[in-house]
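Quick notes on the structure that follows.
The values are calculated or read from the model by the stated rules, or taken from the named source; none is laboratory data. Worth saying up front: this structure is predicted, and the values here are computed from it rather than measured. So basically every Cβ, Gly included, is an ideal-geometry build from the backbone, and we count neighbours across all protein chains shown.
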Amino acid sequence: MIPLVILAIEDDYDREFMTNLFMKYKDVMYRRAYGIVKEPELAEDVLQITLVKLIEKIDLLEKMDSNKLPAYIVSAVKANAVNCYNKRKSRQKRTCYHIEDDNLRDIPDDGTLPDDCAVNNETALRLMETLDRLPESEKSVLIYKYILEYADAEISRLMDISKDSVRVYLSRAKKHALALIQEEGVLNAE
Amino acid sequence: MPNNSYSLNDGALREAKEDLLFKMALAQYAKRESAEIAEETEDSEGPKPGRDYETFIAQQIDKRNRKDASRKVAVFAGKVFTRVAVVVFCGLLAVSSAMVASAEVRKSVYRLIFTDMEKYMQVEITQPGEDFIDPDVFTGDHAYAPTYLPEGFALNRETVVNDWSGIVAEYENGDQFLRFEQSPSSVYGEIHVDSEHADRTETIDLNGNDALLNVKSYPLGDILVTVIWQQDGTVFLIESNIETEEVLNFARGIKQIGT
């Protein structure tokens, strides 16, 4: 069944676009949401919230490359699922998605990209491979910034942190990723 | 000689360089994720959203057997019909209210709304006696009261909406509840009935009035029966988790006080 939030789109083309998008990805969206929130009804809510967010970005989605569109949709679902999960568990201590609980404390916040780092596809691929080794919160903030292209305000809402903290979180996540490939000697080998 | 070189140590340049590197890395990540999702959706060759929708649907249906496809179509049509029915029914309620109301009221279309309990204020009420007809404390000029209560139920509390625009009575029997709400049609904006995946959603006759009956089961075995109807400018809403027939018996027993 097509959600009302899609049927309510006035523009015919936009409505058809979102209908097709929903039909194609609804199962994977639901699975991703359920995988995080573990409750059928909450997963449905996450789907609705995500659809509203996607509709707000419909101009961007319609122009998006097919190599990015599925990842964008699923990333948006995950972001909203984590947000809903955290809100639901707001009275419990967060361990899975809170950056202050991870092992980043030893990483200085004043470092930047090494001078000898080459910006090329090889470095980017190595960097991509480190993403799965990052704590979930760091990986998320990078996805919010560079795949979903969310503004700091939106990221702060999703992560339940202040806007000022977003830059710090991003900076730490990037430094952690760079530190990982630096350990492998990738940067210095350039 | 002035030094016009722009060192890589410069913070802004390095930040831009870092930003570019992460954009490239995340683009690669998105590409890999998209490929995995395409495999998961088993439709990597499918049409791009926004185009060839009819073809896409036809292909999806062909992938399943005819029986399954027919069932899905029937369910879809049923859901659409249900939603349309709810909208039409609410519209009829509003229009019929406007027709029987005063000339002043007729100037505007009634709005129907599903109210929130948090906005109610409490009032005292006496317990119903053996000659059960509801509580005398229903002090509105056109108040209605139940004349039948399922066995074991007792009034838990009664609330009156601000400005006497509605009355809500809640009856309980252990974990079972029966919520009865009555309000003038003029105070409603819209009614939302959760008919998605409902067991029953139909229009029934209730003491000569068209009523909407919605029965929905929930995963943990809970059930919610909803009955909505309008009579003489008053909208009635009953919600309960007991058997449908008992809810309807309760609904049929709603009578205007003093009649």
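Annotations
- Condition met for A:Ile36 (touching a helix residue (DSSP H, G or I) at 6+ places or on another chain (Cβ under 7 Å), more than 21 Å from A:Leu148 (Cβ to Cβ), at pLDDT below 90 and among the aliphatic types (A, V, I, L, M)): no
- Qualifying residue in segment A:3-22 (condition: of a type outside the set (A, V, I, L, M), surrounded by fewer than 16 Cβ atoms within 10 Å (Cβ to Cβ), over 19 Å from the mean Cα position of the chain (by Cα) and outside any helix (DSSP H, G or I)): yes
- Evaluation of B:Gln256 against (1) over 14 Å from B:Arg179 (Cα atoms); (2) out of contact with any Phe, Trp or Tyr (no Cβ under 6 Å at 6 or more places or on another chain) (one fails), failing number: (2)
A quick yes/no check of all residues on (1) more than 13 Å from chain B (Cβ to nearest Cβ); (2) assigned to a helix (DSSP H, G or I); (3) modelled with pLDDT of 80 or more:
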residue	(1), (2), (3)
A:Arg91	yes, no, no
A:Arg94	yes, no, no
A:Ile107	yes, no, no
A:Asp115	no, no, no
A:Ile155	yes, yes, yes
A:Val166	yes, yes, yes
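- Looking across segment B:206-253, the residues that are among the small types (Gly, Ala, Ser) and either at pLDDT 90 or above or under 24 Å from B:Pro184 (Cα atoms) (or both) come down to B:Gly208, B:Ala211, B:Gly233, B:Ser240, B:Ala251, B:Gly253.
- Residues of segment A:143-153 classified as out of contact with any Lys or Arg (no Cβ under 7 Å at 6 or more places or on another chain) and outside any loop (DSSP other than H, G, I, E, B), total: 3
- Counting the residues of segment A:56-86 that are more than 12 Å from every other protein chain (Cβ to nearest Cβ), over 17 Å from the mean Cα position of the chain (by Cα) and in contact (Cβ under 8 Å) with a residue 12 or more places away in the chain gives 0.
- Of all residue pairs spaced 6 or more apart or on separate chains, those with beta-carbon atoms under 7 Å, a first member in segment A:8-28 that is within 7 Å of another protein chain (Cβ to nearest Cβ) and in contact (Cβ under 8 Å) with a residue 12 or more places away in the chain and a second member that is crowded, with 19+ Cβ neighbours inside 10 Å and not in a helix (DSSP H, G or I) are A:Phe17/B:Pro49; A:Leu21/B:Pro49.
- Residue, surrounded by the most Cβ atoms within 10 Å (Cβ to Cβ), within segment B:1-55, restricted to residues that are facing another protein chain (nearest Cβ under 7 Å) and modelled with pLDDT under 50: B:Pro49
- Looking only at segment B:230-259, and only at residues there that are assigned to a strand (DSSP E or B) and of a type in the set (Ser, Thr, Tyr), the one that is surrounded by the most Cβ atoms within 10 Å (Cβ to Cβ): B:Ser240
- Verdict on B:Val227 being buried (at least 19 other Cβ atoms within 10 Å of the Cβ) and either part of a loop (DSSP other than H, G, I, E, B) or touching a residue at least 40 places away in the same chain (Cβ under 8 Å) (or both): no
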